[in-house]
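J.: After the structure tokens below, expect a handful of questions from me.
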Amino acid sequence: FMARILVHAMAATAGGGVTYLRQLLSHLAQHAQQHQWTILVPSDQSIELPQADHLVYRSPRTRASGLGRLWFDQASLRRIIGKERLDLILATANFGIIHPPVPQVLLNRNALYFSPEH
């Protein structure tokens with residue numbers, strides 16, 4: 001079974017997010033040929049994007065404002081998922097789609113939002 005997986009990395013713009021994305025893409029290019037990967041990256045991203053037949057990069061235009069990002073994540077992203085017939089979302093930011101249309105794996109590196117200790 002080949003899954004069509006979306007890597008939502010639009011928030012990977014600096015620091016740890018860029019480092020994580022660079023390592024993830026290197027791994028996917030070398031070891032994840034059994035699936036089709038659609039990777040959303042910021043249009044101004046300057047990291048090297050490894051090329052492989054099973055990796056497809058998209059740089060959707062979004063407004064930089066918080067509302068623009070919210071609209072993209074909750075509305076525009078749903079259209080992309082439907083159009084590309086994706087099976088899974090791997091969201092590399094601290095937030096994801098509310099009530100996603102397909103299963104979603106959310107990577108959260110900030111306990112601030114979910115831990116009463118913070």
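J.: Among the candidates 19, 62, which residue alone is in contact with a helix residue (DSSP H, G or I) (Cβ under 6 Å, 6 or more places away or on another chain), more than 29 Å from residue 1 (Cα to Cα) and either open to solvent by less than 80 Å² (accessible area, probe 1.4 Å) or hydroxyl-bearing (Ser, Thr, Tyr) (or both)?
T.: Residue meeting the stated conditions: 62.
J.: Might you let me know whether the stretch 73-80 holds any residue that is among the β-branched types (Val, Ile, Thr) and modelled with pLDDT under 85?
T.: No - not one qualifying residue is present in the stretch 73-80.
J.: Restricting the stretch 81-107 to residues that are closer than 18 Å to residue 13 by Cβ and open to solvent by less than 40 Å² (accessible area, probe 1.4 Å), which is modelled with the highest pLDDT?
T.: Only one residue tops the list, namely 90.
J.: Show the residue pairs meeting these rules: Cβ distance below 6 Å; 6+ apart or different chains; first residue within the stretch 10-26 and without any contact (Cβ under 8 Å) to a residue 60 or more places away in the chain; second residue open to solvent by less than 20 Å² (accessible area, probe 1.4 Å) and among the small types (Gly, Ala, Ser).
T.: Here the result reads 18/12, each pair linking the stretch 10-26 to a residue that is open to solvent by less than 20 Å² (accessible area, probe 1.4 Å) and among the small types (Gly, Ala, Ser).
J.: Now for a separate question. Kindly indicate whether residue 70 is under 17 Å from residue 106 (Cα atoms) and open to solvent by 70 Å² or more (accessible area, probe 1.4 Å).
T.: Yes; evaluated as a whole, the condition is true for this residue.
The values are calculated or read from the model by the stated rules, or taken from the named source; none is laboratory data. Values in this document were obtained by computation on a predicted structure and should not be read as measured data. Glycine also receives a Cβ, built like all others from the backbone with ideal geometry; neighbour counts cover every protein chain displayed. Heads up: the accessible areas ignore ligands, DNA and RNA and are worked out on the full protein's heavy atoms, side chains in. Shrake-Rupley method; radii C 1.70, N 1.55, O 1.52, S 1.80 Å.
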